[in-house]
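Contents: one structure, followed by commentary.
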Amino acid sequence: MKEVVNFLSENPVQYFATIGLDNKPKVRPFQFMLEKDEKLYFCTSNQKDVFAQLKECPYIEITTSSPTFAWIRLSGKAVFSTDVEIKKAVLESSNLVKSIYQTPENPTFEIFYLEDSQAVICDFSGNPPVEYTL
């Protein structure tokens, strides 16, 4: 878990893929927020298309790469949470998110974590990819 969290934190712009309501893939930049109790948390607005897409089909995949061309592929099932303490922690972890939602009680502010997730970190070193079940 630590290696996955570090990779996501060190490479803050990830590309987040969902299945759109039109059954076609949709990819957009996203950002990992934090890890708590062995869960990887992200956030969004319930006014965005991605929220509706996750409600319809909660399975996602995320990828990003490092400046040295290592990359991660992370997949799992998005599970929404109403945990106010985690919402507070998310707001404190990101000035951008705090500027958008301001308080954990904001009715459009949604958090979710990944369940049954798997990650693979790869590079061009010649070493085999490292796989993680989270």
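The values are calculated or read from the model by the stated rules, or taken from the named source; none is laboratory data. Everything numeric in this text was worked out from a predicted model, so none of it was measured. Every residue, glycine as well, gets a Cβ built from its backbone with ideal geometry; the counts of neighbours run over all protein chains shown.
Residues of region 92-108 being over 15 Å from the mean Cα position of the chain (by Cα) and closer than 10 Å to CYS43 by Cβ, which ones?
Step one: filter region 92-108 for residues over 15 Å from the mean Cα position of the chain (by Cα), giving 92, 95-96, 98-108.
Within region 92-108, ILE100, TYR101 meet the criteria.
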- Looking at (1) acidic (Asp, Glu); (2) under 21 Å from THR133 (Cα atoms); (3) surrounded by 19 or more Cβ atoms within 10 Å (Cβ to Cβ), find the lone condition where GLU35 falls short. (3)
- Unmet criterion (only one of (1) under 20 Å from PHE7 (Cβ atoms); (2) at pLDDT 95 or above; (3) exposed (fewer than 11 other Cβ atoms within 10 Å of the Cβ)) for GLY126: (2)
- Message: Can you confirm whether GLU131 is within 13 Å of the chain's Cα centre (by Cα), within 21 Å of GLU3 (Cβ to Cβ), loosely packed, with under 15 Cβ neighbours inside 10 Å and among the acidic types (Asp, Glu)?
- Response: no
- Query: SER65: over 12 Å from the mean Cα position of the chain (by Cα), at pLDDT 95 or above, surrounded by 15 or more Cβ atoms within 10 Å (Cβ to Cβ) and among the small types (Gly, Ala, Ser), yes or no?
  - Reply: yes
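Among the residues in region 46-66, are any more than 25 Å from ASP123 (Cβ to Cβ) and in contact with an Asp or Glu (Cβ under 8 Å, 6 or more places away or on another chain)? Even if it seems obvious, please write down each step before you answer.
Just the residues of region 46-66 that are more than 25 Å from ASP123 (Cβ to Cβ), to begin with: 46-59.
The next check asks that each one be in contact with an Asp or Glu (Cβ under 8 Å, 6 or more places away or on another chain); those that pass are 46, 51.
Yes - at least one qualifying residue is present in region 46-66.
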- Query: List pairs: first in region 98-126 and part of a helix (DSSP H, G or I), second surrounded by 13 or more Cβ atoms within 10 Å (Cβ to Cβ) and of a type in the set (A, V, I, L, M), Cβ under 9 Å, 6+ apart or cross-chain?
  - Reply: LYS98/VAL90; LYS98/LEU91; TYR101/VAL90; TYR101/LEU91
- Note on the structure: If you go through TYR15, TYR59, the only one that is more than 15 Å from ASP116 (Cα to Cα) and among the aromatic types (Phe, Trp, Tyr) is TYR15
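Could you please let me know if LEU74 is within 20 Å of PRO12 (Cα to Cα) and either among the hydrophobic types (A, V, I, L, M, F, W, C) or crowded, with 20+ Cβ neighbours inside 10 Å (or both)?
Values: within 20 Å of PRO12 (Cα to Cα): yes; either among the hydrophobic types (A, V, I, L, M, F, W, C) or crowded, with 20+ Cβ neighbours inside 10 Å (or both): yes.
Considered against the rule, which asks whether it is within 20 Å of PRO12 (Cα to Cα) and either among the hydrophobic types (A, V, I, L, M, F, W, C) or crowded, with 20+ Cβ neighbours inside 10 Å (or both), LEU74 comes out as yes.
What residue, among those in region 93-134 that are of a type in the set (A, V, I, L, M) and touching a Phe, Trp or Tyr at 6+ places or on another chain (Cβ under 9 Å), is farthest from ALA52 (Cα to Cα)? Talk me through it step by step, then tell me what you get.
Step one: filter region 93-134 for residues of a type in the set (A, V, I, L, M), giving 96-97, 100, 111, 114, 119-121, 130, 134.
Imposing the further condition that a residue be touching a Phe, Trp or Tyr at 6+ places or on another chain (Cβ under 9 Å) reduces the set to 97, 100, 111, 114, 119-121.
Details: VAL97: 20, ILE100: 19, ILE111: 14, LEU114: 16, ALA119: 24, VAL120: 27, ILE121: 29 Å.
If we take residues in region 93-134 being of a type in the set (A, V, I, L, M) and touching a Phe, Trp or Tyr at 6+ places or on another chain (Cβ under 9 Å), then ILE121 is farthest from ALA52 (Cα to Cα).
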